[in-house]
């Protein structure tokens with residue numbers, strides 16, 4: 001191999017290594033998809049669904065026959081006698097094979113199977129609910145992160161303006177046009193702005209670590225989250241949102257399924273009212289030694305078949321009160337479902353009203369920012385023209401910084417309310433696109 005080829009190979013390997021070490025870049029949609037794939041809570045819900053599937057298969061298998069065996073040894077203190085004659089042996093070995101087929105169990109097997117199917121559907125709904133909650137949580141933190149970054153930019157711009165003002169104050173002080181107090185006040189404001197910038201940067205790092213955790217990455221993972229705060233109008237009406245919530249919310253579906261499971265428990269509680277009917281086939285081998293090969297007093301092999309019924313028809317009200325308890329549990333779950341439905345509809349309306357409020361806040365904050373920028377420009381011009389005070393400049397600068405924060409906060413609150421509304425309607429919308 002030529003030296004040039006070796007060099008090219010080394011460069012290619014190093015390039016791949018650098019790419020592997022480069023930060024992972026994720027949009028909001030990418031972050032949601034990564035979370036749904038890797039978050040441990042979602043994995044746990046999927047394991048629960050798999051367990052519920054096995055429970056269905058187990059309940060279904062109960063309809064078939066069961067096979068069992070029994071092997072035992074019996075030692076007597078003396079030989080059995082019949083009319084003065086020996087009728088048995090001291091050592092008795094017996095091996096029995098049994099096949100049992102349930103015929104009627106008071107609807108126990110059927111109801112248990114139907115209950116297991118409902119529980120599997122409930123486990124599937126639990127996955128939907130976990131994914132929905134995780135989606136909203138990721139979007140909320142993601143939007144807080146975007147807001148925090150905007151606040152950092154605003155703090156950086158404010159610090160630049162304050163440092164510029166400090167230079168002006170220092171220059172004016174040096175030539176005797178301004179008192180030393182103006183320069184000292186500007187220095188204090190610069191120091192305060194530097195601390196606020198550090199706090200804003202720490203907030204960005206904290207939110208980034210929280211987002212890493214939500215999407216199943218290590219807390220120190222180098223992930224670059226990209227995006228920007230945007231405004232997009234919502235065209236949904238409140239009535240449509242409420243209708244979607246009643247249809248789509250997985251927690252309401254889980255509550256309805258819980259009522260169905262409780263109704264199956266009521267049927268199971270009434271099982272003892274009915275007789276238990278089953279068929280058995282027994283194959284028996286006996287003998288006076290462990291090989292059970294028969295003998296003078298033992299049949300080498302025999303079989304029998306039977307159909308039997310067992311019915312416990314009186315237990316001092318145990319079954320009656322058990323059934324009543326199960327019925328009350330159904331009533332309780334129904335009331336809890338109605339309460340959950342009311343809470344869900346309230347959550348929808350709360351987020352809907354929040355959207356309307358933040359829309360107005362965005363418009364007002366943008367107008368305030370325009371006015372604050374103009375006020376700061378005029379205050380600086382007046383100060384440089386020796387007709388304004390340093391306090392006027394600092395007040396105008398503070399007002400502009402607050403106005404920028406208000407715009408960022410209103411934009412973030414709007415998108416977070418939109419994410420909350422989709423979550424309240426039971427819909428996963430990773431990109432927050434209008435639907």
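How large is log10 of I(q)/I(0) for the range 33-138 at q = 0.11, 0.18 Å⁻¹ when the intensity is taken from the Debye formula with one equal scatterer per alpha-carbon?
-0.62, -0.91
Above 15 angstrom, tally the Cα pairs of the range 242-300 and express them as a % of all pairs, no decimals.
For the range 242-300, the fraction of Cα-Cα distances above 15 Å is 73 percent.
Angle check, please: helix 108-174 long axis (alpha carbons) against the longest principal axis of the chain (alpha carbons), in degrees 0 to 90, nearest 10.
Between the helix axis and the principal axis of the chain, the angle is about 20 degrees.
Would you mind checking the radius of gyration and Dmax of the range 293-435 based on alpha-carbon positions, in Å?
37.5, 131
What number results when the radius of gyration of the range 87-213, computed over Cα atoms, is divided by 2.2 N^0.38 Å?
Compactness ratio reported: 2.72.
Between 227, 72, 409, which gets the highest mean-square fluctuation from a Gaussian network model of the chain, Cα cutoff 10 Å?
Ranking 227, 72, 409 by mean-square fluctuation puts 72 first.
Taking the DSSP beta bridges in the chain as the whole, what percent of them are antiparallel, to the nearest 5?
Approximately 90 percent, going by the DSSP bridge assignments.
Would you work out the relative contact order for the chain, in percent, from Cα pairs under 8 angstrom that are 6 or more residues apart?
Answer for the chain is 23 percent.
Under a GNM of the chain (C-alpha, springs under 10 Å), which listed residue has the highest mean-square fluctuation: 286, 87, 424?
Maximum fluctuation in the GNM of the chain, among the listed residues, is at 87.
Sorting 389, 358 on the 10 Å Cβ count, fewest up front, what's the list?
Arranged by neighbour count, lowest to highest, 389, 358 become 389, 358.
Using only the alpha-carbon atoms, what does the chain span along each of its principal axes? Please give whole angstrom values in decreasing order.
141, 73, 42
Between the range 267-291 and the range 76-99, how far is it from one alpha carbon centroid to the other, in angstrom?
Here the two parts' Cα centres lie 23 Å apart.
Taking the 0 to 90 degree range and rounding to the nearest ten, how far is the long axis of helix 318-384 tilted relative to the main principal axis of the chain, both from C-alpha atoms?
For helix 318-384, the angle is close to 10 degrees.
Stick to Cα atoms and the Kirkwood definition of Rh, then tell me Rg/Rh for the range 337-389.
When Rh is taken as the Kirkwood radius, the ratio is 1.52.
Summarise the long-distance tail of P(r) for the range 170-295 by giving the % of C-alpha pairs beyond 19 Å.
Summing the P(r) tail past 19 Å for the range 170-295 gives 82 percent.
With a 10 Å Cβ neighbour count serving as the proxy for reagent exposure, in which order, fewest first, do 218, 298 appear?
218, 298
Percent of Cα-Cα pairs per 10 Å bin, from 0 to the last occupied bin, for the range 165-204, please list those.
Bin by bin from 0 Å, the calculated values are 33, 34, 21, 11, 1.
Tell me what the chain gives for mean residue ellipticity at 222 nm when only DSSP H runs of n ≥ 4 count, each as -39,500 (n - 2.57), the sum divided by the residue total, rounded to 500 deg cm²/dmol.
-24000 deg cm²/dmol
Listing 310, 356 from the residue with the fewest other Cβ atoms within 10 Å to the one with the most, what is the order?
Final ranking by Cβ density, sparse to dense: 310, 356.
Read the figures in this text as sums done on the coordinates, not as results from a lab. Note that the coordinates shown come from a computational prediction; the quantities given were computed from them, not determined experimentally. Note that we place each Cβ from the backbone using ideal geometry, even for glycine, and neighbour counts take in every protein chain shown.
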